[in-house]
Amino acid sequence: MKHTLLPRLLAALALLAAASAQAAIPPSQRQYLMDFYFAANGPNWLHHDNWGAGPGTECNWYGVTCDAGETTVTGLSFVANNMSSTPPGTPLPDWAALPDLTSIALVSTSLTGPVPPIAGLSQLTFINLGGNFSGPLPDPSGLQHLWRYIAAGNQFSGPLPPFTNLPALEWLLLRGNQLSGTIPPLTGMPALTILSLQQNQLTGTIPALPPGLERLVVDQNQLTGPVPAAPNSLQTGGSILCPNHLTPSVSNDWDVATGDTPWHAQCTAAPPGLGAAAIPTLGERALALLSLAAAAVGFTVLRRRQV
C-alpha cells in the first residue's frame, strides 16, 4: 500500500507544480510591473500591498487585475494612491509589455510627463487618465473595443488625434487640458453619447454630430462658425456651447439642449483674425456698391476721353 501511495503523492505534487508554473504571468510582465512601480514612486504609495513578492503572486498585487487563469495582466487601477513620477517628468514604461490590458485607471495622481501609446492595446475597453500628464493625447484610433476614453484635467497639448475606427466608443471626456487646433470629424465614433471638450484651446467649427449623441460640452474654447444640426437624442439641458465665438442662430432644439434661450446668450463675437471673415452690414454693403458704381462711372468717362 505504501509503495502505491508514494508515486501518487509525487504525481499530485508534480501536477500542482505544473499548474502553478502555468498560472504565472510572463517574466516580461512582472518586470514591467516592477518598472511601473518605481517610475510611479511605488514605495510611497498609500497602498502597495504584496508588491514585489515572489513570482506567481503578481495577480494579488494591489491595483493589478489578471485574467481568470492568472496568466496575463488585464488591468491597472489606482485612484488617489499618492502616485508621482520619479523623478518628475519621467514617462511611464511602455504599455506594450502588457498587450492584454482591458482597463487602465490612473486617477487623482501627480504623475507627469507623456503617456505611452495605447494604439497597440487591442483589447482595451476603458482608460481614465487624471493627473498632470503632458505631451500629445494618446491616439486611440483603431481600438475596436474601447468604450470609455477619459483624460480630463491634465496638461495634454497639441491637436486632437483623428479618432477613427472606434465603433464602440460612447464617452470621450477631454475637458481641462491645453488641446488646440480643430475638432476632427466625428464619423469614426458612431456610438458616441457624451463628448466633453470644454476648457481647451480649440478653434474652428463644430463638426456634424453623431445621431445618438446625448451631451455636447464644448464651452470655454475659441470655436467659431454656425452650430451643426442638433440630434434628436440630445438630453434637455445637458449640453453647453458657450462661451465661444459661435454664430448666433435661431434653434429651438439647441435652446432645449442647452437650457438657455437663446442658446447663444453667453457667446461673443470672434476677435479680429479668428474665424471666418465678418459678414458686412447693410451699410457696408451699400458703401461697397457705391464704390463699384463710382469706379464704373470713372472707367466710362476715361474711355470717352480716350476716344
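Here are the numbers for this structure:
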quantity	calculated
Packing rank of 49-62, 129-142, where each peptide gets the mean count of other beta carbons within 10 Å, highest leading	129-142, 49-62
Alpha-carbon centroid distance for the pair the range 56-135 / the range 141-170, whole angstrom	16
Chain lengthening between Ala191 and Val79 when straightened (0.36 nm per residue, less Cα-Cα)	37.6 nm
Value of Rg/Rh across the range 83-124 [Cα atoms, Kirkwood radius]	0.99
Sequence-distant residues sharing a close amide H with Ala105 (under 5 Å, placed H)	Leu76, Ser77, Phe78, Asn128
Whole-angstrom Cα spans of the range 77-185 along principal axes, big to small	36, 33, 20
Net charge contributed by nearby residues that have their C-beta within less than 13 Å of Asn60 (K/R +1, D/E -1)	-2
Label zone at Ala168 (point 7 Å along Cα-to-Cβ), backbone N below 16 Å, the range 122-152	122-128, 140-150
Length gained when the stretch Asp139-Ser249 is fully extended (0.36 nm per residue, less Cα-Cα span)	36.2 nm
Extension gain from Gln123 to Thr261, taking 0.36 nm per residue of separation minus the Cα-Cα distance	45.3 nm
Heavy-atom accessible surface of the range 20-81: percent carbon and sulfur, 1.4 Å	53
Sequence of Thr65, Thr125 when ordered by accessible area, the most exposed leading, probe 1.4 angstrom	Thr65, Thr125
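The values are calculated or read from the model by the stated rules, or taken from the named source; none is laboratory data. None of these values were measured; they are calculated from a predicted model. Positions of Cβ are generated from backbone atoms using ideal geometry, with glycine treated the same way; all protein chains shown enter the neighbour counts. Note: accessible area is taken over every heavy atom of the protein model, side chains too, but ligands, DNA and RNA are not part of it. Shrake-Rupley method; radii C 1.70, N 1.55, O 1.52, S 1.80 Å.
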